[in-house]
Each structure stands twice: as C-alpha cells, then as structure tokens.
1. Could you give every pair whose Cβ atoms fall below 7 Å, whose first residue belongs to the stretch 51-79 and is more than 16 Å from residue 140 (Cα to Cα), and whose second residue is basic (Lys, Arg), counting only separations of at least 6 or pairs across chains?
2. Kindly provide the set of residues from the stretch 126-147 that are without any contact (Cβ under 8 Å) to a residue 60 or more places away in the chain and either within 10 Å of residue 80 (Cβ to Cβ) or open to solvent by 30 Å² or more (accessible area, probe 1.4 Å) (or both), ordered by number.
3. How do the strands (runs of 3 or more DSSP E) wholly within the stretch 45-159 filter down when requiring 1 or more residues that are within 25 Å of residue 13 (Cβ to Cβ): which remain?
4. In the set 87, 95, which member is closer than 16 Å to residue 49 by Cβ, surrounded by fewer than 12 Cβ atoms within 10 Å (Cβ to Cβ) and without any contact (Cβ under 8 Å) to a residue 40 or more places away in the chain?
5. Scan the stretch 98-117 for residues that are open to solvent by 70 Å² or more (accessible area, probe 1.4 Å) and more than 16 Å from the chain's Cα centre (by Cα) and jot them down.
6. Please tell me if residue 22 is under 19 Å from residue 132 (Cα atoms), touching a residue at least 60 places away in the same chain (Cβ under 8 Å) and in a strand (DSSP E or B).
7. Out of the stretch 2-43, which residues are more than 16 Å from residue 98 (Cα to Cα), of a type in the set (S, T, N, Q) and open to solvent by 70 Å² or more (accessible area, probe 1.4 Å)?
8. Quick one: in the stretch 28-44, which of the residues that are farther than 18 Å from residue 126 by Cα and outside any loop (DSSP other than H, G, I, E, B) is nearest to the chain's Cα centre (by Cα)?
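The values are calculated or read from the model by the stated rules, or taken from the named source; none is laboratory data. Note that this is a predicted model, so its numbers are computed, not measured. Heads up, the Cβs are rebuilt from the backbone with ideal geometry, glycines too, and the neighbour counts pull from every protein chain shown. These accessible areas exclude ligands, DNA and RNA; they are computed on the full protein's heavy atoms, side chains included. Shrake-Rupley method; radii C 1.70, N 1.55, O 1.52, S 1.80 Å.
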Amino acid sequence: MSLIFRMIMLLIASKFKPRLPIKYPKNTLTLRVLPNDLDINLHMNNGRYLTICDLSRVDMFIRTGLARTMQKEGWMPVIAEHTMKYKRSLKPFQKYRVTMEITGWDEKRFHMIHTFLVGDRIVAEGTSIGCIISKTGTISPEEVIKTVTARLEAKTHLN
C-alpha cells in the first residue's frame, strides 16, 4: 500500500478515535509490515520506522486538536532531532503497535518517545525533539498548549 493511502486511512480513522489531552498525550497505532516497507533483507526498512513515527505524530496532532490549531494559526510542526534503537526485525506482514508519547518540553521544543512493539516485546525505540514554527519563529510549547486549550474550551462553550 502506498504511503499516501496509509496517510489517508490514518486521517480518516483519527477523527473517530477518542480525543487526547494536549498535555502529555500518548497514542497507539496498530499496523502491519507491508511489502513497500521492506528493504533488501526482507524486513522493515530502518527509514520506514521514521515514517511510521511521523504517522503517529499526525494521529496525535488530530486527536489533541493541535492539527486544527496549526491550520488556523498558520503553524507547522518540525522535527529537530530523531534517534532510533533497533532491537528486533519486523518481518513481512507482521502486525505491530507503535506508541508515541510526549514526555515533556522545554522553552522551545517538545520531547517524544516512540516505541514499536510486537505483543509485549519492544522491537525498536525512538526519541524525537520537535517544535512548532510560524512565519515569525518558534512557538513555545507553553503557548501551543495554551492556544489549543483555549480553542477547545471556546468550541465546548459554543456547543
């Protein structure tokens, strides 16, 4: 399955999942290793893990309300740093879960952990540092959280 179809499926499915808190969200995606995820060793390509981490962040953006806020404010998410530790291979058509959690933030960036699991066994772990930017520069995580929270509260009061 092409990545664009996986992204479209995620965009639709995320809208029907429960909302996540903007502070310290944690989400889980259940996926399967597809033929276009494989490298010449017939296991999931190391670069594909990074793409799956991107999908997981998109799910989190939608479910926290951050995606809509970024769209309204003209903000963009950017990954500044990402590392992966690979412990076991993911084989063709193998089912796995990836969890993503925002573990904290500093004055400019959010800190995230991505965990790939088969059953209860960790097969890969990654850490990411990312930020939200606008035309005027980096938006502090505190401002991001405040803006998303205010937007969701205003929406709740209108309903």
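1. If the second residue must be basic (Lys, Arg), the pairs left are 55/6; 62/15; 63/17; 63/19; 65/151.
2. 127, 129, 131, 133, 136, 138, 140, 142, 143, 146
3. Where strands (runs of 3 or more DSSP E) fall fully within the stretch 45-159 and carry at least 1 residues being within 25 Å of residue 13 (Cβ to Cβ), they are 76-86, 95-105, 110-118, 121-134.
4. 87
5. 107, 108
6. No; evaluated as a whole, the condition is false for this residue.
7. Scanning the stretch 2-43 gives a single hit, 41.
8. 32
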